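My questions all concern the structure below.
The values are calculated or read from the model by the stated rules, or taken from the named source; none is laboratory data. None of these values were measured; they are calculated from a predicted model. Cβ atoms come from the backbone with ideal geometry, glycine included; neighbour counts cover every protein chain shown. Just the protein is used for accessible areas: all its heavy atoms, side chains included, with ligands, DNA and RNA removed. Shrake-Rupley method; radii C 1.70, N 1.55, O 1.52, S 1.80 Å.
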Amino acid sequence: MRGSEAGGPAAGTRRTTRIHVVSDVHGNTEALARAGDGADALVCLGDLVLFLDYADHSRGIFPDLFGKENASRIVALRTARRYEEARAFGRELWAGRDRNTEIIGAVRRQYAELFAAFPTPTYATYGNVDVPRLWPEYALPGTTVLDGERVEIGGRVFGFVGGGLRTPMNTPYEISDEEYAAKVEALGPVDVLCSHIPPEVPELTYDTVARRFERGSTALLEAIRTTRPRYALFGHVHQPLVRRMRIGDTECVNVGHFASTGTPWALTW
(Lines give C-alpha, C1' and ligand atoms only; values in the text may rest on other atoms or scores of the structure.)
Protein backbone atom coordinates (compact mmCIF):
# COMPACT_ATOMS: atom_id res chain seq x y z
CA MET A 1 0.00 0.00 0.00
CA ARG A 2 1.05 3.56 -0.61
CA GLY A 3 2.65 5.33 2.33
CA SER A 4 2.22 9.05 3.01
CA GLU A 5 4.98 11.40 1.92
CA ALA A 6 7.38 12.58 4.60
CA GLY A 7 5.81 15.50 6.42
CA GLY A 8 2.42 14.90 4.76
CA PRO A 9 0.94 16.76 1.79
CA ALA A 10 1.90 20.34 1.19
CA ALA A 11 -0.32 22.98 2.72
CA GLY A 12 -3.30 23.83 0.57
CA THR A 13 -3.07 20.69 -1.61
CA ARG A 14 -5.68 17.94 -1.79
CA ARG A 15 -4.42 14.39 -1.43
CA THR A 16 -5.45 12.02 -4.22
CA THR A 17 -7.08 8.73 -3.27
CA ARG A 18 -6.04 5.72 -5.36
CA ILE A 19 -7.86 2.38 -5.23
CA HIS A 20 -6.73 -0.75 -7.10
CA VAL A 21 -9.48 -3.15 -8.19
CA VAL A 22 -9.08 -6.80 -9.21
CA SER A 23 -11.43 -9.66 -10.03
CA ASP A 24 -11.05 -13.26 -11.16
CA VAL A 25 -7.71 -13.84 -9.45
CA HIS A 26 -7.93 -17.58 -10.12
CA GLY A 27 -4.84 -18.59 -8.20
CA ASN A 28 -2.49 -15.78 -9.31
CA THR A 29 -1.03 -15.38 -5.83
CA GLU A 30 2.24 -13.79 -6.96
CA ALA A 31 0.52 -10.91 -8.75
CA LEU A 32 -2.03 -10.53 -5.95
CA ALA A 33 0.77 -9.86 -3.48
CA ARG A 34 1.77 -6.83 -5.60
CA ALA A 35 -1.73 -5.66 -6.50
CA GLY A 36 -1.92 -3.02 -3.78
CA ASP A 37 1.44 -1.40 -4.53
CA GLY A 38 1.00 2.36 -4.78
CA ALA A 39 -2.66 2.31 -3.72
CA ASP A 40 -4.53 3.32 -0.58
CA ALA A 41 -6.65 0.15 -0.67
CA LEU A 42 -7.29 -2.96 -2.72
CA VAL A 43 -10.79 -4.03 -3.82
CA CYS A 44 -11.22 -7.67 -4.85
CA LEU A 45 -14.40 -8.81 -6.60
CA GLY A 46 -13.97 -12.53 -6.14
CA ASP A 47 -13.15 -15.78 -7.88
CA LEU A 48 -9.96 -16.42 -5.95
CA VAL A 49 -10.06 -20.15 -6.59
CA LEU A 50 -8.62 -21.78 -9.71
CA PHE A 51 -10.62 -24.92 -10.42
CA LEU A 52 -9.84 -25.24 -14.12
CA ASP A 53 -7.91 -22.90 -16.43
CA TYR A 54 -9.62 -22.85 -19.83
CA ALA A 55 -6.46 -21.45 -21.44
CA ASP A 56 -3.95 -23.82 -19.78
CA HIS A 57 -5.57 -27.16 -19.01
CA SER A 58 -2.67 -28.21 -16.77
CA ARG A 59 -3.54 -25.62 -14.10
CA GLY A 60 -6.14 -25.88 -11.36
CA ILE A 61 -7.79 -28.26 -8.93
CA PHE A 62 -9.36 -30.43 -11.63
CA PRO A 63 -6.14 -31.29 -13.56
CA ASP A 64 -4.29 -31.76 -10.26
CA LEU A 65 -6.80 -34.49 -9.42
CA PHE A 66 -7.49 -36.02 -12.85
CA GLY A 67 -4.73 -34.92 -15.23
CA LYS A 68 -4.51 -32.55 -18.18
CA GLU A 69 -6.09 -34.92 -20.72
CA ASN A 70 -9.31 -35.25 -18.71
CA ALA A 71 -9.30 -31.50 -18.07
CA SER A 72 -9.11 -30.86 -21.81
CA ARG A 73 -12.07 -33.15 -22.40
CA ILE A 74 -14.18 -31.35 -19.79
CA VAL A 75 -13.31 -27.97 -21.32
CA ALA A 76 -14.24 -29.22 -24.80
CA LEU A 77 -17.61 -30.52 -23.62
CA ARG A 78 -18.47 -27.36 -21.71
CA THR A 79 -17.35 -25.09 -24.55
CA ALA A 80 -19.61 -27.06 -26.89
CA ARG A 81 -22.45 -26.60 -24.34
CA ARG A 82 -22.73 -30.35 -23.94
CA TYR A 83 -23.36 -29.93 -20.23
CA GLU A 84 -25.10 -33.26 -19.62
CA GLU A 85 -22.16 -35.13 -21.17
CA ALA A 86 -19.74 -33.06 -19.10
CA ARG A 87 -21.62 -33.90 -15.90
CA ALA A 88 -21.75 -37.59 -16.80
CA PHE A 89 -18.02 -37.61 -17.48
CA GLY A 90 -17.42 -35.87 -14.17
CA ARG A 91 -19.48 -38.46 -12.30
CA GLU A 92 -17.42 -41.18 -13.94
CA LEU A 93 -14.17 -39.59 -12.80
CA TRP A 94 -15.42 -39.06 -9.26
CA ALA A 95 -16.77 -42.60 -8.82
CA GLY A 96 -15.42 -44.08 -5.60
CA ARG A 97 -13.87 -40.81 -4.43
CA ASP A 98 -14.98 -38.31 -1.78
CA ARG A 99 -15.59 -35.30 -4.01
CA ASN A 100 -16.44 -32.81 -1.29
CA THR A 101 -13.47 -33.67 0.92
CA GLU A 102 -10.95 -33.54 -1.94
CA ILE A 103 -12.23 -30.27 -3.41
CA ILE A 104 -12.54 -28.48 -0.08
CA GLY A 105 -9.04 -29.61 0.85
CA ALA A 106 -7.68 -28.16 -2.40
CA VAL A 107 -9.65 -24.92 -1.94
CA ARG A 108 -8.28 -24.56 1.57
CA ARG A 109 -4.72 -24.86 0.28
CA GLN A 110 -5.35 -22.13 -2.28
CA TYR A 111 -7.11 -19.87 0.21
CA ALA A 112 -4.24 -20.12 2.71
CA GLU A 113 -1.87 -18.65 0.10
CA LEU A 114 -4.27 -16.18 -1.47
CA PHE A 115 -5.59 -14.54 1.69
CA ALA A 116 -2.03 -14.25 3.03
CA ALA A 117 -1.19 -12.28 -0.15
CA PHE A 118 -3.90 -9.64 0.38
CA PRO A 119 -2.45 -6.24 1.35
CA THR A 120 -3.91 -4.08 4.11
CA PRO A 121 -6.51 -2.76 3.71
CA THR A 122 -8.42 -5.05 1.32
CA TYR A 123 -12.17 -4.98 0.71
CA ALA A 124 -13.40 -8.20 -0.87
CA THR A 125 -16.54 -10.01 -1.98
CA TYR A 126 -17.18 -13.52 -3.25
CA GLY A 127 -17.11 -14.81 -6.81
CA ASN A 128 -19.28 -17.62 -8.11
CA VAL A 129 -16.46 -20.19 -7.77
CA ASP A 130 -15.64 -19.19 -4.19
CA VAL A 131 -16.75 -20.97 -1.01
CA PRO A 132 -18.03 -18.23 1.33
CA ARG A 133 -18.22 -20.40 4.45
CA LEU A 134 -14.44 -20.81 4.40
CA TRP A 135 -13.56 -17.13 4.13
CA PRO A 136 -13.82 -16.32 7.87
CA GLU A 137 -11.10 -18.89 8.54
CA TYR A 138 -8.60 -17.21 6.22
CA ALA A 139 -9.46 -13.49 6.11
CA LEU A 140 -6.82 -11.65 8.14
CA PRO A 141 -7.61 -8.51 10.22
CA GLY A 142 -6.72 -6.21 7.30
CA THR A 143 -9.31 -7.81 4.99
CA THR A 144 -12.96 -6.73 5.15
CA VAL A 145 -15.45 -9.11 3.51
CA LEU A 146 -18.69 -7.54 2.26
CA ASP A 147 -21.75 -8.98 0.51
CA GLY A 148 -24.89 -6.87 0.19
CA GLU A 149 -23.08 -4.26 2.30
CA ARG A 150 -21.57 -0.78 2.00
CA VAL A 151 -18.31 0.78 3.15
CA GLU A 152 -16.79 4.24 2.84
CA ILE A 153 -13.34 4.43 1.24
CA GLY A 154 -11.67 7.80 0.84
CA GLY A 155 -14.95 9.66 1.25
CA ARG A 156 -16.85 7.63 -1.36
CA VAL A 157 -19.42 4.92 -0.66
CA PHE A 158 -18.71 1.48 -2.17
CA GLY A 159 -21.41 -1.17 -2.30
CA PHE A 160 -20.57 -4.88 -2.70
CA VAL A 161 -22.64 -7.74 -4.10
CA GLY A 162 -20.96 -11.15 -4.27
CA GLY A 163 -21.63 -14.43 -6.03
CA GLY A 164 -23.30 -15.33 -9.29
CA LEU A 165 -26.69 -16.41 -10.60
CA ARG A 166 -27.69 -20.02 -11.22
CA THR A 167 -26.35 -21.66 -14.38
CA PRO A 168 -25.85 -25.16 -15.82
CA MET A 169 -22.23 -24.92 -14.61
CA ASN A 170 -23.48 -25.24 -11.00
CA THR A 171 -20.51 -23.43 -9.45
CA PRO A 172 -20.26 -23.19 -5.63
CA TYR A 173 -21.77 -19.75 -4.99
CA GLU A 174 -24.73 -19.38 -7.34
CA ILE A 175 -27.95 -18.00 -5.90
CA SER A 176 -31.46 -17.24 -7.13
CA ASP A 177 -32.30 -14.03 -8.98
CA GLU A 178 -34.55 -13.03 -6.07
CA GLU A 179 -31.84 -13.45 -3.43
CA TYR A 180 -29.35 -11.58 -5.58
CA ALA A 181 -31.80 -8.72 -6.21
CA ALA A 182 -32.43 -8.40 -2.45
CA LYS A 183 -28.70 -7.86 -1.86
CA VAL A 184 -28.55 -5.20 -4.57
CA GLU A 185 -31.59 -3.42 -3.11
CA ALA A 186 -30.08 -3.49 0.39
CA LEU A 187 -27.19 -1.29 -0.80
CA GLY A 188 -29.25 1.75 -1.73
CA PRO A 189 -27.47 4.57 -3.58
CA VAL A 190 -23.67 4.23 -3.72
CA ASP A 191 -20.84 6.01 -5.51
CA VAL A 192 -19.19 2.79 -6.69
CA LEU A 193 -21.21 -0.37 -7.27
CA CYS A 194 -18.96 -3.44 -6.97
CA SER A 195 -20.11 -6.91 -8.02
CA HIS A 196 -18.61 -10.12 -9.31
CA ILE A 197 -20.98 -10.49 -12.26
CA PRO A 198 -21.86 -7.72 -14.74
CA PRO A 199 -25.20 -6.03 -15.29
CA GLU A 200 -27.39 -7.78 -17.86
CA VAL A 201 -26.13 -6.05 -21.01
CA PRO A 202 -25.21 -8.24 -24.02
CA GLU A 203 -21.97 -6.42 -24.77
CA LEU A 204 -20.82 -6.92 -21.17
CA THR A 205 -21.90 -10.54 -20.73
CA TYR A 206 -20.66 -12.14 -23.98
CA ASP A 207 -17.32 -13.98 -23.74
CA THR A 208 -15.59 -13.83 -27.11
CA VAL A 209 -13.32 -16.83 -26.44
CA ALA A 210 -15.83 -19.16 -24.79
CA ARG A 211 -18.32 -17.96 -27.43
CA ARG A 212 -21.24 -17.76 -25.04
CA PHE A 213 -23.21 -15.30 -22.94
CA GLU A 214 -22.50 -15.46 -19.21
CA ARG A 215 -25.27 -14.58 -16.79
CA GLY A 216 -25.55 -10.94 -15.88
CA SER A 217 -27.92 -9.34 -13.39
CA THR A 218 -31.04 -7.37 -14.32
CA ALA A 219 -31.12 -6.12 -10.70
CA LEU A 220 -27.69 -4.55 -11.15
CA LEU A 221 -28.79 -2.96 -14.41
CA GLU A 222 -31.89 -1.51 -12.77
CA ALA A 223 -29.83 -0.17 -9.84
CA ILE A 224 -27.45 1.51 -12.28
CA ARG A 225 -30.34 3.16 -14.11
CA THR A 226 -32.18 4.31 -10.98
CA THR A 227 -29.42 5.16 -8.46
CA ARG A 228 -26.79 6.28 -11.02
CA PRO A 229 -23.50 5.40 -9.28
CA ARG A 230 -20.33 6.98 -10.65
CA TYR A 231 -18.92 3.56 -11.45
CA ALA A 232 -20.09 -0.04 -11.72
CA LEU A 233 -17.13 -2.42 -11.43
CA PHE A 234 -17.31 -6.18 -12.05
CA GLY A 235 -15.51 -9.20 -13.52
CA HIS A 236 -16.67 -12.76 -14.25
CA VAL A 237 -16.53 -12.44 -18.07
CA HIS A 238 -12.86 -12.96 -18.86
CA GLN A 239 -12.85 -11.90 -22.52
CA PRO A 240 -15.86 -9.59 -22.89
CA LEU A 241 -17.04 -8.12 -26.16
CA VAL A 242 -16.78 -4.69 -24.50
CA ARG A 243 -14.63 -4.01 -21.42
CA ARG A 244 -16.01 -0.56 -20.72
CA MET A 245 -19.21 1.31 -21.55
CA ARG A 246 -21.40 4.05 -20.15
CA ILE A 247 -24.98 3.50 -19.02
CA GLY A 248 -26.48 6.91 -18.37
CA ASP A 249 -24.25 8.61 -15.79
CA THR A 250 -22.46 5.38 -14.82
CA GLU A 251 -19.12 4.18 -16.18
CA CYS A 252 -19.27 0.37 -16.31
CA VAL A 253 -15.86 -1.33 -16.21
CA ASN A 254 -14.92 -5.01 -16.47
CA VAL A 255 -11.87 -5.60 -14.25
CA GLY A 256 -11.91 -9.41 -14.63
CA HIS A 257 -8.58 -9.73 -16.41
CA PHE A 258 -6.35 -10.12 -13.37
CA ALA A 259 -5.50 -13.83 -13.64
CA SER A 260 -3.98 -13.39 -17.10
CA THR A 261 -2.47 -9.90 -16.84
CA GLY A 262 -1.62 -9.54 -13.15
CA THR A 263 -2.49 -5.85 -13.48
CA PRO A 264 -5.15 -4.20 -11.29
CA TRP A 265 -7.49 -1.51 -12.57
CA ALA A 266 -6.88 1.85 -10.87
CA LEU A 267 -9.55 4.28 -9.68
CA THR A 268 -8.40 7.71 -8.51
CA TRP A 269 -10.08 10.85 -7.29
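Using a 1.4 Å probe over the heavy atoms of the protein chains, calculate the carbon and sulfur portion of the accessible area of the chain as a whole percent.
Numbers: 6100 of 12520 Å².
With neighbouring chains kept in place, the figure for the chain is 49 percent.
Could I ask something else about it? Return the equivalent ellipsoid semi-axes of segment 47-144 as a descending list in whole Å, where each equals the square root of 5 times an eigenvalue of the C-alpha gyration tensor.
Numbers: eigenvalues 165, 41, 28 Å².
Values for segment 47-144, descending: 29, 14, 12 Å.
Calculate, axis by axis, the spread of Cα positions in segment 87-190 along the three principal axes, and write the results as whole Å, longest axis first.
54, 33, 15
Let me ask something else. Take every DSSP beta bridge whose two residues both sit in segment 165-269, then give the antiparallel share in percent to the nearest 5. Please report the intermediate quantities before stating the final value.
Numbers: 7 of 16 bridges.
Close to 45 percent.
Sorted by mean Cβ packing within 10 Å, highest first, what order do the peptides 159-167, 192-200 take? Walk me through the numbers on the way to the answer.
Details: 159-167: 23.3, 192-200: 26.3.
Descending packing order for the listed peptides: 192-200, 159-167.
Set the Förster radius R0 to 41 Å, insert the Cβ-Cβ distance between Asp56 and Thr17 as r into 1/(1 + (r/R0)^6), and round the FRET efficiency to 0.05. Spell out each step's value before the answer.
Numbers: r = 36 Å, r/R0 = 0.88.
Calculated transfer efficiency: 0.70.
Given 10 °C and 1.306 mPa s, how large is the Stokes-Einstein diffusion coefficient of segment 152-224 in µm²/s, with Rh as the Kirkwood radius over Cα pairs? Let's see the in-between values first.
On the way: Rh = 13.0 Å.
Answer from the Stokes-Einstein relation: 122 µm²/s.
Quick one: 3J(HN,Hα) in Hz for segment 24-35, Karplus 6.51/-1.76/1.60 with θ = phi - 60°, rounded, Gly and Pro as x.
Result, rounded to whole Hz: 6, 5, 6, x, 7, 5, 4, 5, 4, 5, 9, 5.
OK, next. Using modelled backbone amide H atoms (1.01 Å from N, in-plane), which distant-in-sequence or interchain residues come within less than 5 Å of Ala232's amide H?
Correct list: Leu193, Glu251, Cys252, Val253.
Now for a different question. Leaving out ligands and nucleic acids, note down the accessible area per residue over the chain with a 1.4 angstrom probe, in whole Å². Let's see the in-between values first.
Working: 12520 Å² over 269 residues.
Averaged over the residues of the chain, the accessible area is 47 Å².
If I stretch the segment between Ser176 and Arg99 completely, what's the gain in nm (0.36 nm per residue apart, minus their alpha carbon distance), one decimal? Kindly include the intermediate steps, with their values, before the conclusion.
Numbers: separation 77, 0.36 × 77 = 27.72 nm, distance 2.42 nm.
Fully extending the segment from Ser176 to Arg99 adds 25.3 nm.
Still on this structure, please answer the following. I'd like the Karplus ³J(HN,Hα) series for segment 168-178: coefficients 6.51, -1.76, 1.60, θ = phi - 60°, whole numbers in Hz, and an x wherever there's a Gly or Pro.
The phi angles translate into x, 6, 6, 6, x, 10, 10, 10, 6, 4, 5 Hz.
How large is the Rg to Rh ratio of the chain when both quantities use alpha carbon positions and Rh follows Kirkwood? Provide the component values of the computation, followed by the final result.
Values: Rg = 18.9 Å, Rh = 19.2 Å.
Using only Cα positions, Rg/Rh for the chain is 0.98.
Any idea which of Gly262, Leu52, Thr101 is furthest toward the positive side of the dipole for the chain, if Lys and Arg beta-carbons carry +1 and Asp and Glu beta-carbons -1?
Most positive-ward Cα: Gly262.
Determine Rg/Rh for segment 107-153; Rg is computed over alpha-carbon atoms and Rh is the Kirkwood hydrodynamic estimate from the same atoms.
Values: Rg = 10.6 Å, Rh = 11.2 Å.
Rg/Rh for segment 107-153 comes to 0.94.
Tell me which residues come under 5 Å, amide H to amide H, from Ala124 once H is placed; ignore anything under 5 positions away on its chain.
Excluding prolines and chain starts, which carry no amide H, the hits are Cys44, Thr144, Val145, Leu146.
Check Leu241: other-chain or 5+ apart residues with amide H under 5 Å from its amide H, H built from backbone geometry?
Sorted by chain and number, the residues that satisfy this are Tyr206, Thr208.
Measure nothing but the geometry: give the 0 to 90° angle between the long axis through the Cα atoms of 99-117 and the longest principal axis through the Cα atoms of the chain, rounded to 10°.
30 degrees
Where both residues lie in segment 62-166, what percent of DSSP beta bridges are antiparallel, nearest 5? Don't skip to the end; give the middle numbers.
Values: 5 of 8 bridges.
If I count the DSSP bridges inside segment 62-166, around 60 percent turn out antiparallel.
Using the alpha-carbon atoms, what tilt in degrees (0 to 90, nearest 10) does helix 218-227 show relative to the longest principal axis of the chain?
Value to nearest ten degrees: 10.
Taking the Cα centre of the chain as origin, sum charge times position over the Cβ atoms of Lys and Arg (+1) and Asp and Glu (-1), and report the length of that vector in debye to the nearest 20.
400 debye
Counting only helical runs of four or more DSSP H residues, what would the 222 nm mean residue ellipticity of the chain come to if each run contributes -39,500 (n - 2.57) and the total is spread over all its residues? Intermediate results must be reported in sequence, preceding the final value.
Numbers: 10 runs with 86 residues, N = 269.
It comes out at -9000 deg cm²/dmol, rounded to the nearest 500.
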